[in-house]
Amino acid sequence: MASRALSATRAALRPHKSGTRFLPPTIARSLSSTPKTLTPSGPLSARSSLVAASRPSGAKRNAAAAAFVPHPVVTPAKDGDELKELFDGPYLAPSAGLFAGQEGLFTYGPLTHAKALRPLTERTLLHVRAIVERIGRAPTAGPTELRLVVKNLDRLSDLLCGVIDMCELVRNAHPERAWVAEADRAYDRLCSYMNELNTHRGLFEALVATLEVEHSPPLSHAERQVALTFLRDFEKSGIDLPPERRARFVELSDSLLGLGRSFLSNASAPPVPTPPVEIPEAALKGLPPHFVDAVPRVKGVALVAPGSWESQVIARYAPQGEARRLAYVGNARADPDRVGVLEKMLAQRAELAGVLGKGSWAEVALVDKMAKTPSNVWGFLTSLADHHRTQAADDVAVLARLKAQALSGMDKPGDLPPLYAWDRDYFSERHVQNLAPASLAPLAPYFSVGTVMRGLSRLFSRLYGISFRPATPAPGEVWHSSVRRLDVVDEEQGTIGVIYCDLFARDGKPPSAAHYTVRCSRRVDDDDVRGDGLPEGWDARWGPGLETEGDAVRGMTGRYQLPIVVLCTDFGNDANRPALLGWHEVETLFHEMGHAMHSMIGRTEYHNVSGTRCATDFVEFPSILMEHFVKSPSVLALFAEHYETGRPLPPSLFENHMALQSSLAALETHGQIVMAMLDHQYHALVPGEAVDSTSVYTALQERVGVIPPVEGTAWQTQFGHLYGYGATYYSYLFDRAIAGKVFSTLFAADPLSREAGEALKKRLLCWGGGRDPWEMVGDVVGGAEGEAVARGDKRAMELVGGWYVK
Ligand SMILES: [Zn+2]
């Protein structure tokens with residue numbers, strides 16, 4: 001079970017959704033029915049520097065001088081030219097000095113070597129235990145201590161996440177095995193302690209007591225929000241159950257972990273290879289002879305293992321429909337064992353929901369989401385499906401027309417053959433070939449990494465008055481020589497955070513894009529560390545921790561630890577020229593930077609609601625919004641230019657590429673809607689009810705889908721996100737709908753409008769998770785519609801379902 005009161009769940013402890021980018025519906029992907037991938041995120045902390053180098057090779061960052069001093073007003077870098085140089089210039093050869101420096105990783109003093117994670121872990125545990133005891137005593141320690149429970153829980157969470165989240169980044173990105181091993185060790189140890197705390201009665205009871213008492217002055221809105229977030233997470237852990245039900249809860253949770261693992265490994269494995277799919281040799285006509293010759297045959301029948309490369313080639317490229325059909329059915333054929341694992345998982349989730357006193361797993365999962373209830377989600381999805389079905393059917397008609405041509409050799413409009421599941425990829429491929437002439441020049445030469453980073457800085461400076469300033473990492477501060485450090489500079493507030501960019505692929509690094517929160521924003525000057533009751537010199541044996549005294553921020557009371565994030569991508573690189581990005585990579589960089597800016601701007605008093613620590617069905621909104629900006633001609637005009645000639649991107653070239661991108665997009669989106677509906681229906685199961693997952697899927701395809709279901713298949717066992725998302729797969733579509741609406745409301749007229757940027761910043765981004773997202777979205781949308789949306793009820797969900805998503 002995923003809930004963890006002190007975690008991370010929404011931001012740190014486990015692979016975190018904001019880290020991930022769903023793949024957009026491009027042509028390449030519209031050909032595939034596989035779900036999108038998800039990736040992790042993590043956290044860390046460091047002191048933000050005051051004096052930033054304006055050139056990568058120039059001035060040294062002065063970390064010591066950086067902290068604790070109000071930042072001067074800094075003029076934004078000269079429109080980002082040095083950014084281009086930073087990312088497009090030749091890389092230094094990796095040097096040992098980068099990894100073993102006196103500054104420590106992220107300029108954390110203690111982290112000069114991998115083994116330093118051990119004393120840090122022990123120190124963190126000691127300190128956290130002291131805070132746990134302190135909170136436990138609070139209900140009988142007088143009004144001041146009781147009042148401090150929220151703050152102390154937040155501090156406790158920050159202490160643990162500060163190390164865990166940093167270790168998550170190191171585990172994934174550090175090239176040295178010693179660091180990875182030590183980070184794994186620290187991560188496991190601290191996570192297991194955190195899991196204990198998630199069911200800690202003393203913490204829970206103190207929190208309940210704090211919420212029940214009248215404080216003077218009353219708890220602030222933010223304090224209450226933070227407290228309720230903790231409370232909901234505790235409740236999800238079954239903390240308040242009577243002993244017998246609690247025992248059953250633990251039993252089911254353990255069992256579900258095992259079932260989840262089996263389900264995921266089934267979902268990512270090819271189908272069982274036997275028996276092979278039998279395809280009459282004649283049906284392979286039209287495939288390249290060398291391919292056909294290599295396929296094993298017995299008496300004129302080709303024998304192909306389902307899920308094998310050969311089988312996939314046939315399913316996609318065989319001109320004969322019969323061959324495609326046989327291969328398709330083989331690849332998705334129902335496997336009773338795998339179906340059994342899924343259905344058992346769904347039934348146990350429902351039972352666990354019953355133990356918690358809820359009507360379904362969806363009810364459990366949605367309690368802290370914008371959507372709130374299963375019927376709200378269903379209202380949203382049906383509204384969305386209604387709006388998209390016609391467009392998806394139009395896409396199907398395009399493909400059916402190609403099929404008609406292929407069958408009869410001529411186009412007979414109005415009399416289209418049915419389009420089957422095994423036709424989709426084949427005719428999509430043909431459609432793309434028709435649209436994309438070989439003469440279409442590529443876009444990548446207009447998007448060197450440095451050009452795009454410069455464009456991002458220019459965009460943020462127009463919208464928010466915020467720009468990036470290159471800073472030279474101190475020795476030991478970064479984990480690889482290609483990692484670049486950017487200080488994020490607000491024209492009024494000075495440095496507001498740090499973004500490390502680890503953009504290039506290398507051996508051992510995950511092949512995906514992610515945003516890791518290494519350190520969250522939090523107010524630190526009012527921490528009452530003395531009250532933790534630790535004896536003088538308690539940490540002498542372990543050395544210093546990662547705490548900072550914080551920085552003053554103009555316009556805010558107190559001192560704050562500044563956010564630190566890492567962007568990881570796996571772009572290819574070439575020693576002889578700048579790294580050039582394909583369109584999908586440009587979108588990815590914009591997307592991840594949307595998360596990073598949410599972390600930078602969402603600076604709250606409390607760690608637990610800062611930046612991307614908001615409802616998980618809202619967290620993708622700021623990043624998806626960036627995908628709208630990147631497609632806008634006036635934004636592209638800010639930066640897209642040929643890396644050799646400096647020529648701006650020709651609008652017609654871009655339009656041709658976008659036409660290609662968006663073709664068949666409605667069909668892809670409709671497929672996503674059906675998947676979200678399936679996820680919803682499976683998790684709406686009531687306790688004790690059995691589910692026939694195949695007939696639910698078949699019925700859904702018949703009712704909502706635009707391509708008929710295929711007998712004998714059970715694709716649902718390949719839908720791995722049913723485990724990780726469990727009733728929240730609608731989230732990405734939901735955030736796409738909101739992003740489309742917000743972009744058209746605020747930025748359609750002028751995507752570079754400072755006024756609109758400020759509105760978004762002040763009404764939404766700066767709040768992180770500290771304000772009801774419905775209120776924020778309603779505020780941004782404005783008018784009667786905004787008011788209706790701000791209510792966050794069923795009607796609001798349906799309204800969002802009617803917003804543009806394609
Ligand atoms: Zn994302």
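The values are calculated or read from the model by the stated rules, or taken from the named source; none is laboratory data. Just so we're clear, the structure is a prediction, and the values are computed from it rather than from any experiment. Every residue, glycine as well, gets a Cβ built from its backbone with ideal geometry; the counts of neighbours run over all protein chains shown.
Of the helices (runs of 4 or more DSSP H) lying entirely inside region 74-141, those containing at least 3 residues that are modelled with pLDDT of 95 or more span 117-137.
Restricting attention to region 568-600, and to residues there that are of a type in the set (Gly, Ala, Ser) and either more than 11 Å from the ligand (Cβ to nearest atom) or part of a loop (DSSP other than H, G, I, E, B) (or both), which single residue is nearest to GLU223 (Cα to Cα)? Ranking the qualifying residues of region 568-600, first place goes to SER599. When ARG246, ARG232, ARG201 are checked against the criterion of being over 29 Å from the mean Cα position of the chain (by Cα) and touching a residue at least 24 places away in the same chain (Cβ under 8 Å), ARG201 stands alone in meeting it. Comparison of VAL630, VAL619 shows that the only residue that is without any contact (Cβ under 8 Å) to a residue 60 or more places away in the chain and within 15 Å of the ligand (Cβ to nearest atom) is VAL630. If only residues of region 636-669 that are at pLDDT 95 or above and in contact with a His (Cβ under 9 Å, 6 or more places away or on another chain) are counted, the one that is farthest from the ligand (Cβ to nearest atom) is PRO648. Looking across ASP679, ASP617, one residue alone is closer than 30 Å to LEU764 by Cβ, of a type in the set (D, E, K, R) and modelled with pLDDT under 95. It is ASP617.
Tell me, please, whether a residue that is aromatic (Phe, Trp, Tyr) and crowded, with 24+ Cβ neighbours inside 10 Å can be found in region 427-445. Checking region 427-445: not a single residue is aromatic (Phe, Trp, Tyr) and crowded, with 24+ Cβ neighbours inside 10 Å. Residues considered: ARG613, ARG603. Of these, the only one that is under 23 Å from ASP735 (Cβ atoms), of a type outside the set (Asp, Glu), within 16 Å of the ligand (Cβ to nearest atom) and crowded, with 23+ Cβ neighbours inside 10 Å is ARG613.
Would you say THR694 is out of contact with any Leu (no Cβ under 9 Å at 6 or more places or on another chain) and hydroxyl-bearing (Ser, Thr, Tyr)? Here the answer is yes, as THR694 does meet what is asked.
Being at positive phi, within 29 Å of the chain's Cα centre (by Cα) and in the same structural domain as GLY89 (by TED's automatic domain parsing) is a condition met by no residue of region 531-543. Restricting attention to region 316-328, does a residue exist that is in contact with a Ser or Thr (Cβ under 6 Å, 6 or more places away or on another chain), buried (at least 23 other Cβ atoms within 10 Å of the Cβ) and at pLDDT 95 or above? Yes, there is a match, as at least one residue in region 316-328 is in contact with a Ser or Thr (Cβ under 6 Å, 6 or more places away or on another chain), buried (at least 23 other Cβ atoms within 10 Å of the Cβ) and at pLDDT 95 or above.
Is there any pair linking a residue in region 581-603 that is under 26 Å from SER662 (Cβ atoms) and in contact (Cβ under 8 Å) with a residue 24 or more places away in the chain to one that is within 10 Å of the ligand (Cβ to nearest atom) and not in a helix (DSSP H, G or I), with Cβ under 6 Å and at least six apart or on different chains, and which? Cβ pairs passing all conditions: THR588/ARG21; THR588/ALA513; HIS591/ARG21; GLU592/ALA513; GLU592/HIS515; HIS595/HIS515; HIS595/THR612.
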